[in-house]
1. Would you kindly derive the ³J(HN,Hα) couplings of region 49-63 from the backbone phi angles with the Karplus curve 6.51 cos²θ - 1.76 cosθ + 1.60 (θ = phi - 60°), listing them in order in whole Hz, with x for Gly and Pro?
2. Need one number: % antiparallel among DSSP beta bridges in the chain, to the nearest 5.
3. With every protein chain in place, what's the accessible area of residue 216 (1.4 Å probe, Å², nearest 10)?
4. Find the accessible area per residue for the chain; the probe is 1.4 Å, ligands and nucleic acids are left out, and the unit is Å².
5. What order do you get for 66-77, 161-172, 35-46 when each peptide is scored by the mean count of other beta carbon atoms within 10 Å, highest first?
6. Looking only at region 113-230, where both bridge partners belong to it, what percent of the DSSP beta bridges are antiparallel (to the nearest 5)?
7. If you roll a 1.4 Å probe over the chain with all protein chains in place, what percent of the accessible area is carbon or sulfur?
8. For the full complex of protein chains and a 1.4 angstrom probe, list 155, 17 by accessible area with the highest value first.
Amino acid sequence: VKVIFGGFKQNGNKKELMESLDKSYEKLFVNNRKWVEDKVQKDPEYFKKLTAGQKPEYLFIGCSDSRVPANEITGTDPGEMFVHRNIANMVVNTDINLLSVLQYSVEVLNVKHVIVCGHYGCGGVKAALEHQPHGLIDKWLRNIQDVYRLHMHELDAITDEEQKHRLMVELNVREQVINLLKTSFIQRNRELYGFPQVHGWVYDIADGYIKDLKIDPDKDFPEYKIYKLV
Ligand code: ZN
């Protein structure tokens, strides 16, 4: 067995590989038991309270990247944040998964804030602009290339690659926030109740801080009218 990924030993010893796989898997249960004990020790009613239901105020749409854990970076507890993650935090209007999460959280849970959170160093954003095939995922990444096309002149004017990447990440978040505003669920509830507010964030994995892009739907989305459904 030759393992070429994941940081496991590559010496071809199958028994060692199996042991290391068992260990990495078992770790999750060890952690889980410790987490349960900690929670119950602080509050014996902790899990009982959670079974009463959820009333999250936020929907977080983030990247699947393992370095962007929604609850940890926002200091929110179980029950506080509804979460959807996909590669490069995209809002794609044919994605039945995202749309289901969005409809449920907006119309049933009545979340007050919908957040699109991108991050610098995003592998999905980088891969989209690489000009090489990655397999099936290219179909998903094409949505990011569409963002590039919309802002091509601004992006091509930047010569520093890192700076260009960071702007691309920000512009991608901005476009996904606009995509949220195009949906009937968001439009109707904003019209009826004045919320959910929509926000665009960029998380910096290098220092842990979240930056609010301060997107103003009226100012940043002048073509809004054509998308109005309600
Ligand atoms: Zn990412």
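1. Taking θ as phi minus 60°, the curve returns 5, 5, 5, 5, x, 10, 9, x, 8, 10, 10, 10, 10, x, 7 Hz for region 49-63.
2. Working: 3 of 21 bridges.
The antiparallel proportion sits near 15 percent.
3. 60
4. On the way: 14320 Å² over 230 residues.
Dividing the accessible area of the chain by its residue count gives 62 Å².
5. Values: 66-77: 13.7, 161-172: 18.0, 35-46: 10.9.
Listed from highest to lowest mean packing, they are 161-172, 66-77, 35-46.
6. On the way: 3 of 10 bridges.
Among the beta bridges of region 113-230, antiparallel pairing accounts for roughly 30 percent.
7. Working: 7760 of 14320 Å².
The computed percentage sits at 54.
8. On the way: 155 0, 17 25 Å².
From most exposed to least exposed: 17, 155.
The values are calculated or read from the model by the stated rules, or taken from the named source; none is laboratory data. Since this is a predicted model, take the numbers as computed values, not measurements. Virtual Cβ from ideal backbone geometry, glycine too; neighbours counted across all protein chains shown. Keep in mind that these areas ignore ligands, DNA and RNA; they rest on the heavy atoms of the full protein, side chains included. Shrake-Rupley method; radii C 1.70, N 1.55, O 1.52, S 1.80 Å.
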